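Visitor: A single structure is presented below for examination.
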Amino acid sequence: MTWTAPELSRTKPPLVADERTMLQSWLDLHRRTLQWKCAGLAAEQLKRRCVAPSTLSLLGLVRHLTECERGWFRIATRGAPLDYLYCGEDNPNGDFDDIADADAAADLAALRAEIELADAAVADLPLEHVFSYRATEYSLRWVYVHMIEEYARHNGHADFLRERIDGATGD
């Protein structure tokens, strides 16, 4: 049997909530939207590139956002001494470029794991938490807003990629 990306549901954010709950809810919606756009597709479909010369693919987006989760929440905000999973100084676009032999199931599992680790890394920090990363100061609030826009932008790409693969469109 061929592996396919698992189905999952999404929950709409509350209309009224405190700021942290609102930010977390919107981030969670976008996190799940990316995975939802991958649901039901086989590994080879997830690896399908959009149009040359672009290297954009659904699996590339999954890998890129895994790096963003790890990078912003764990490496930057918490200062964890971690390497990136797919990219490096000698291969800055490995998340998008190196998918030919990638294991789609493992990469989706890595995204889910990084999301859990990211949430745990900042659970005890206030939104006002300030940290320095690459000689620039940021707040945790900025990271949340940035990650929401990062996912939202790439979910737009995911819409087009998914439609090109099998014609599926949605929310």
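The values are calculated or read from the model by the stated rules, or taken from the named source; none is laboratory data. Note that this is a predicted model, so its numbers are computed, not measured. Cβ coordinates were reconstructed from backbone atoms using ideal geometry, including for glycine residues, and neighbour counts include every protein chain displayed. Heavy atoms of the whole protein, side chains included, go into the accessibility calculation; ligands, DNA and RNA do not. Shrake-Rupley method; radii C 1.70, N 1.55, O 1.52, S 1.80 Å.
Visitor: Answer yes or no: is there a residue in the stretch 32-43 that is open to solvent by 50 Å² or more (accessible area, probe 1.4 Å) and out of contact with any strand residue (DSSP E or B) (no Cβ under 7 Å at 6 or more places or on another chain).
Guide: Scanning the stretch 32-43, I find at least one residue that is open to solvent by 50 Å² or more (accessible area, probe 1.4 Å) and out of contact with any strand residue (DSSP E or B) (no Cβ under 7 Å at 6 or more places or on another chain), so the answer is yes.
Visitor: Could you tell me which of the residues D103, D166, D124 is more than 16 Å from the chain's Cα centre (by Cα), open to solvent by 80 Å² or more (accessible area, probe 1.4 Å) and within 20 Å of R48 (Cα to Cα)?
Guide: So the residue among D103, D166, D124 that is more than 16 Å from the chain's Cα centre (by Cα), open to solvent by 80 Å² or more (accessible area, probe 1.4 Å) and within 20 Å of R48 (Cα to Cα) is D103.
Visitor: Next up: Which count do you get for residues in the stretch 1-18 that are open to solvent by 90 Å² or more (accessible area, probe 1.4 Å) and either of a type in the set (S, T, N, Q) or part of a helix (DSSP H, G or I) (or both)?
Guide: Number satisfying all stated conditions: 2.
Visitor: Which one of the conditions (1) closer than 30 Å to A135 by Cβ; (2) free of Cβ contacts under 8 Å to residues at least 60 places away in the same chain; (3) not charged (D, E, K, R) does F73 fail to meet, given that it meets all the rest?
Guide: Only one criterion in (1) closer than 30 Å to A135 by Cβ; (2) free of Cβ contacts under 8 Å to residues at least 60 places away in the same chain; (3) not charged (D, E, K, R) is unmet by F73, namely (2).
Visitor: Something else: When you scan the stretch 66-77, do you find a residue that is buried (at least 20 other Cβ atoms within 10 Å of the Cβ) and more than 16 Å from the chain's Cα centre (by Cα), even just one?
Guide: Yes; the residues of the stretch 66-77 include at least one that is buried (at least 20 other Cβ atoms within 10 Å of the Cβ) and more than 16 Å from the chain's Cα centre (by Cα).
Visitor: Which residue out of A158, A152, A80, A110 is within 28 Å of M22 (Cα to Cα), aliphatic (A, V, I, L, M), open to solvent by less than 50 Å² (accessible area, probe 1.4 Å) and in contact with a Cys (Cβ under 9 Å, 6 or more places away or on another chain)?
Guide: Sole residue among the options that is within 28 Å of M22 (Cα to Cα), aliphatic (A, V, I, L, M), open to solvent by less than 50 Å² (accessible area, probe 1.4 Å) and in contact with a Cys (Cβ under 9 Å, 6 or more places away or on another chain): A158.
Visitor: Condition first: of a type outside the set (S, T, N, Q) and surrounded by 23 or more Cβ atoms within 10 Å (Cβ to Cβ). Can you find one or more residues in the stretch 45-54 that meet it?
Guide: Yes, the stretch 45-54 has at least one match.
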